[in-house]
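K.L.:
Quick one: the structure is below, and I'll ask about it shortly.
The values are calculated or read from the model by the stated rules, or taken from the named source; none is laboratory data. The structure presented is a predicted model; accordingly, all values stated were derived computationally and were not measured. No Cβ is skipped: glycine too gets one built from the backbone with ideal geometry, and neighbour counts run over all protein chains shown. Ligands, DNA and RNA are excluded from the accessible area calculation, which covers all protein heavy atoms including side chains. Shrake-Rupley method; radii C 1.70, N 1.55, O 1.52, S 1.80 Å.
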Amino acid sequence: MPVIQVTAPRATDDPARDPARLGSLCAAVADALGLPPSGVVATLCEATVTTTGAGPVTAWPLAVLHGSDRGEHATAAALAAAARSLAEGWEVPPGEVWVTWSTGAPPARG
């Protein structure tokens, strides 16, 4: 079951908006992977401060999809679906989101 960790600003205008954003994200990734919508979990880690070395900037959505190796095609499809969903959910241009897949492979045993 893929688990998505999203770091992004929390909606301040409507408390129901964040669960809806995450639900859409889960559904998009699940669809790309051929899973039921309940087959993906997402959590929001609120970005409260974002800065560069020059000073504060507006935060953009970042997502790490944690899961097993699903092959290059499925992984690319899931990442593309996640990026589209994040851009739409947080109302930012597609180039202002960052997504990556982490297999979290355990260290080799010696």
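K.L.:
Identify the residue in region 93-106 that is touching a helix residue (DSSP H, G or I) at 6+ places or on another chain (Cβ under 8 Å) and touching a residue at least 12 places away in the same chain (Cβ under 8 Å) and, among all such residues, is most open to solvent (accessible area, probe 1.4 Å).
P.N.:
E96
K.L.:
Identify, please: which residue in region 1-53 is of a type in the set (V, I, T) and surrounded by fewer than 12 Cβ atoms within 10 Å (Cβ to Cβ) and is, among those, farthest from W101 (Cα to Cα)?
P.N.:
It comes out as T12.
K.L.:
Is it the case that region 72-80 has a residue that's more than 15 Å from C45 (Cβ to Cβ), in contact with a helix residue (DSSP H, G or I) (Cβ under 7 Å, 6 or more places away or on another chain) and open to solvent by 80 Å² or more (accessible area, probe 1.4 Å)?
P.N.:
No, that holds for no residue.
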